[in-house]
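See below for the structure under consideration.
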Amino acid sequence: MKVIGLIGGMSWESSAEYYRLINQRVKERLGGYSSAKSLMYSVDFAEIEALQVQNRWDEAGELLADAAKRLEAGGADFILLCTNTMHKAADTIQKSVSIPFVHIADATCEAVKAQGLKKVALLGTRYTMEQDFYKQRLIDSGLEVIVPEKTDRDTVHNIIYEELVQGVVKHESRLRYQIIINCLMKRGAEGVILGCTEIGLLIKPEDSPVPVFDTTVIHAHTAADMALK
């Protein structure tokens, strides 16, 4: 079994989900007492969030690259970044190590294509929805991607930072997300990518009229399968 390296802490709420999902997947596949061999380096999200707000992405990327180096030195065979937004620093992280970096958008794109969908909605932080580092990667892979209107993007972003990363899950916020998903469906979305690793804490498949692609689940399962390959 290969050793999975996880850069976590963004937020620790979703990083805990990664650990749970990876180990569940390994147990399902191997049975018995089996669990995943893994390492996690968890950063202080307060530092990362401050750098995001100040548009100091290069500095945030260097912090994550340092975490990746530590994981490689600790024996990781490949690395996952347990967040969507900070994949803005994916190139910086990959260049810092000699082991593979498993991009969350690539794993998600494969899952979408496996269901034969072409046009998907993307929900996430404001950075993920509005900047090209993530969205363009999906487009380059052959998907048509739409995002909510400005007011709805603000709603999605604020619920993530003010509630979900704090471990707060509110029924009224779920309803607001469902309204936004319905609007995107009316614009032609055949599925919705939960492009923030915390959104899966709020929105489940049964909460959406179109297929939901939870990036946390997809990324974690991809890691477990790679470890067992």
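Worth a mention:
- Scanning region 156-193 for residues that are of a type in the set (Phe, Trp, Tyr) and either under 25 Å from Glu144 (Cα atoms) or more than 20 Å from the chain's Cα centre (by Cα) (or both) gives a single hit, Tyr177.
- Of everything listed in (1) assigned to a strand (DSSP E or B); (2) closer than 21 Å to Glu162 by Cα; (3) hydrophobic (A, V, I, L, M, F, W, C), the single unmet condition for Ala50 is (1).
- Failed item, numbered, when Met226 is tested on (1) open to solvent by 30 Å² or more (accessible area, probe 1.4 Å); (2) over 27 Å from Val102 (Cβ atoms); (3) of a type in the set (A, V, I, L, M, F, W, C): (2)
- Here Gly74 clears all of (1) in contact with a helix residue (DSSP H, G or I) (Cβ under 7 Å, 6 or more places away or on another chain); (2) open to solvent by less than 60 Å² (accessible area, probe 1.4 Å) except the condition numbered (1).
- Options Ala89, Ala67, Ala105, Ala111: the member that is hydrophobic (A, V, I, L, M, F, W, C), part of a helix (DSSP H, G or I) and open to solvent by 10 Å² or more (accessible area, probe 1.4 Å): Ala111
- Where a residue in region 93-112 is at pLDDT 95 or above and its partner, wherever it lies, is assigned to a loop (DSSP other than H, G, I, E, B) and of a type in the set (Ser, Thr, Tyr), with Cβ under 6 Å and at least six apart: Cys109/Ser141
- When residues of region 24-43 are limited to those that are in a helix (DSSP H, G or I) and touching a residue at least 24 places away in the same chain (Cβ under 8 Å), the one farthest from Lys88 (Cα to Cα): Leu30
- Within region 105-154, the set of residues being hydrophobic (A, V, I, L, M, F, W, C) and within 15 Å of Cys183 (Cβ to Cβ) comprises Val120, Ala121, Leu122, Leu123, Met129, Ile146, Val147.
- Restricting region 29-55 to residues that are among the charged types (D, E, K, R) and open to solvent by 90 Å² or more (accessible area, probe 1.4 Å), the residue that is nearest to the chain's Cα centre (by Cα): Glu47
The values are calculated or read from the model by the stated rules, or taken from the named source; none is laboratory data. The model shown is predicted, which means the values in this text are computed figures rather than measured ones. Here Cβ is always computed from backbone atoms with ideal geometry, including for glycine, and neighbour counts include all displayed protein chains. Surface areas here come from the heavy atoms of the whole protein model, side chains and all, with no ligands, DNA or RNA. Shrake-Rupley method; radii C 1.70, N 1.55, O 1.52, S 1.80 Å.
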